[in-house]
Amino acid sequence: MTTVRQGENHGAGRDKTRAVVVGPYPTRVAANAARDPAARLEEAVGLALAIDLDIVAEIPVALNDVRPATYLGKGKVEEIAAIVKDGDVGVVSMDCQLSPVQQRNLEKAWDAKVIDRTGLILEIFGERARTKEGALQVELAHLSYQKSRLVRSWTHLERQRGGFGFLGGPGETQIETDRRLIEERMRRIETDLEKVKRTRGLHRKTRRDVPYPVVALVGYTNAGKSTLFNRLTRAEVLAQDMLFATLDPTLRQIRLPHGARALLSDTVGFISDLPTMLVSAFRATLEEVTLADVILHVRDASHTDWEAQAHDVAAILDELGLKGEAEGRIVEVWNKIDSLDPERLEALRIAARGFDPARRPELVSAVTGAGLEALLARIETVLAANRVTLVLDLAPEDGQGLAWLHAHAEVLERQPRKDGGMRLSVRVAPERLDEVQNRFAPAARLLTKE
């Protein structure tokens with residue numbers, strides 16, 4: 001059923017591009033792959049709103065067969081054409097992957113710019129990238145997408161936009177470039193990204209030299225990762241009820257219940273049908289996740305499609321090579337419990353208790369702070385399980401050794417000895433164990449290993 005959004009954005013959005021969102025969802029899908037069509041269309045509308053379009057209509061389409069020429073059937077194409085004409089629509093967002101031929105034919109039929117799901121996500125990423133690396137990664141993905149869609153210009157759109165030109169007006173030159181220039185630009189970007197990757201690698205090495213473990217937040221877009229990040233770190237990262245509010249990774253320090261510190265990393269949100277080119281382009285950024293000591297999979301417990309969202313996140317983690325290998329490091333965080341009614345909340349609590357303790361999810365509200373103390377304690381428990389605890393004695397004159405331990409390990413406890421020295425309990429990553437033993441065993445008498 002077509003939903004016309006009268007009075008919501010009209011008026012205040014007269015200077016915006018007017019848009020229609022079409023959700024063409026197959027009626028025949030495998031049971032384990034089924035997603036709620038209403039939730040999918042709501043997400044598609046959210047994507048369009050994320051680049052400030054004025055949505056005048058939402059059109060779900062039950063799709064029996066994909067038409068090679070126009071994706072949709074002839075009758076549905078004509079129906080949407082009337083809505084586009086009556087609403088003075090400039091952009092139609094199709095929540096699917098269109099071939100260049102399908103996109104071109106639909107644009108002719110509707111006399112409007114047509115953008116598919118991949119193009120829309122790329123546009124959002126283009127607007128949200130703030131760091132040099134993020135901008136390069138998005139541009140590389142954009143150019144890869146454009147290679148198959150050469151060469152067109154859209155002079156009927158009068159507004160000049162930022163981002164990467166999917167909705168660009170006159171003067172937009174990126175989509176007018178030829179294949180040779182695009183490929184040359186892609187090679188230059190890949191070279192620049194290699195330099196950035198080497199720099200990032202040096203930064204990671206520097207962080208490994210510091211004893212702080214890394215905790216990475218992952219999850220479906222708009223699951224509340226940035227709000228949780230802000231609550232745990234008292235930072236002010238952009239956190240809005242908007243898809244892909246966070247794009248560039250951010251690191252901040254957090255303190256755990258027993259005084260140890262860790263680095264918390266906020267990463268880009270995942271989404272269903274995330275373009276392969278974007279996963280590839282952002283692989284260097286997502287290495288923050290693959291190298292993390294603990295991975296917090298943040299889920300929106302209030303979302304109707306939260307199970308399907310979890311499967312999408314798991315699929316991307318699998319693509320990053322984290323299936324199985326990282327299972328002991330992943331903690332599910334069921335967020336937004338403040339949005340649940342008491343019956344639903346109690347049902348989730350019962351469900352959580354049914355998990356094995358090592359896999360049990362943590363129920364939290366990043367908005368109110370409920371459950372965060374238990375979450376921090378859980379992080380500490382996971383870190384302790386993956387690290388080695390040593391007890392060693394330091395001579396009174398070994399102040400340099402004490403400074404070294406504070407710089408390269410977690411000093412958990414200090415007890416003064418009668419001779420002026422001290423007994424220390426320290427925790428180190430397994431890969432640093434030999435280094436600590438070599439540094440202290442001869443002079444400080446390594447006592448026990450737990």
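The values are calculated or read from the model by the stated rules, or taken from the named source; none is laboratory data. Just so it is clear, the structure is predicted and the values come from calculations on it, not from any experiment. Cβ sites come from the backbone with ideal geometry, for glycine too, and all protein chains shown count toward neighbours.
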Scope segment 45-88; condition within 30 Å of the chain's Cα centre (by Cα) and of a type in the set (Asp, Glu); matching residues: Asp52, Asp54, Glu58
Within segment 426-446, identify whether any single residue is farther than 26 Å from Ile254 by Cβ, out of contact with any Lys or Arg (no Cβ under 8 Å at 6 or more places or on another chain) and assigned to a strand (DSSP E or B), and answer yes or no. yes
Taking segment 30-83 and keeping residues under 22 Å from Ile121 (Cα atoms) and among the acidic types (Asp, Glu) leaves Asp36, Glu42, Glu43, Asp52, Asp54, Glu58
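Please go through segment 380-405 and give me each residue that is touching a residue at least 60 places away in the same chain (Cβ under 8 Å) and outside any strand (DSSP E or B), ordered by number.
Initially, segment 380-405 is screened for residues touching a residue at least 60 places away in the same chain (Cβ under 8 Å), giving 380, 382-383, 386-390.
Within segment 380-405, Glu380, Val382, Leu383, Asn386, Arg387 qualify.
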Sort out which residues of segment 250-274 are surrounded by 22 or more Cβ atoms within 10 Å (Cβ to Cβ) and at pLDDT below 75, and write them in order of number. Val268
Scan of segment 82-133 for residues that are in a helix (DSSP H, G or I) and either at positive phi or charged (D, E, K, R) (or both), ordered by number: Lys85, Asp86, Arg104, Glu107, Lys108, Arg117, Glu123, Glu127, Arg128, Lys132, Glu133
Just to be sure before I move on: is Ala310 modelled with pLDDT of 95 or more and part of a helix (DSSP H, G or I) in the structure I sent? no
